[in-house]
């Protein structure tokens, strides 16, 4: 995308992510959205396009294929009796 600027405003990021601008602002407040820059001496916030794309890619989840049918019964890994008691009973025989 050579003709697009490297820096994006809050509204441009919102349009790019198809979100409301208030959502991007709220994410910024919570420090959970894409990394941002604050212009020194002003309240203007800008985002680097490649960092927004990297942030978006980092949240990508690969789908897994589910097996059809009923799930197999799980085997309980915890013995019904404590191991020490079981060893004591078998040793007493």
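The values are calculated or read from the model by the stated rules, or taken from the named source; none is laboratory data. Nothing here was measured: the structure is a model prediction, and the numbers come from that model. Using ideal geometry, Cβ is built from the backbone for each residue, glycine included, and neighbour counts are taken over all protein chains shown.
See the values below:
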{"item": "Residue among 33, 59 that alone is on the phi < 0 side of the Ramachandran plot, modelled with pLDDT under 95 and exposed (fewer than 12 other Cβ atoms within 10 Å of the Cβ)", "result": "59"}
{"item": "Whichever residue in segment 1-30 is part of a loop (DSSP other than H, G, I, E, B) and out of contact with any strand residue (DSSP E or B) (no Cβ under 8 Å at 6 or more places or on another chain) and, among such residues, is surrounded by the most Cβ atoms within 10 Å (Cβ to Cβ)", "result": "19"}
{"item": "Residue list for segment 40-55, restricted to those being out of contact with any helix residue (DSSP H, G or I) (no Cβ under 7 Å at 6 or more places or on another chain) and either assigned to a helix (DSSP H, G or I) or surrounded by fewer than 12 Cβ atoms within 10 Å (Cβ to Cβ) (or both)", "result": "40, 41, 42, 43, 44, 49, 50, 51, 53, 54, 55"}
{"item": "Cβ pairs under 7 Å, 6+ apart, first in segment 1-20 and closer than 14 Å to residue 54 by Cβ, second in a strand (DSSP E or B) and modelled with pLDDT of 95 or more", "result": "6/48; 8/46; 8/47; 13/47; 16/8"}
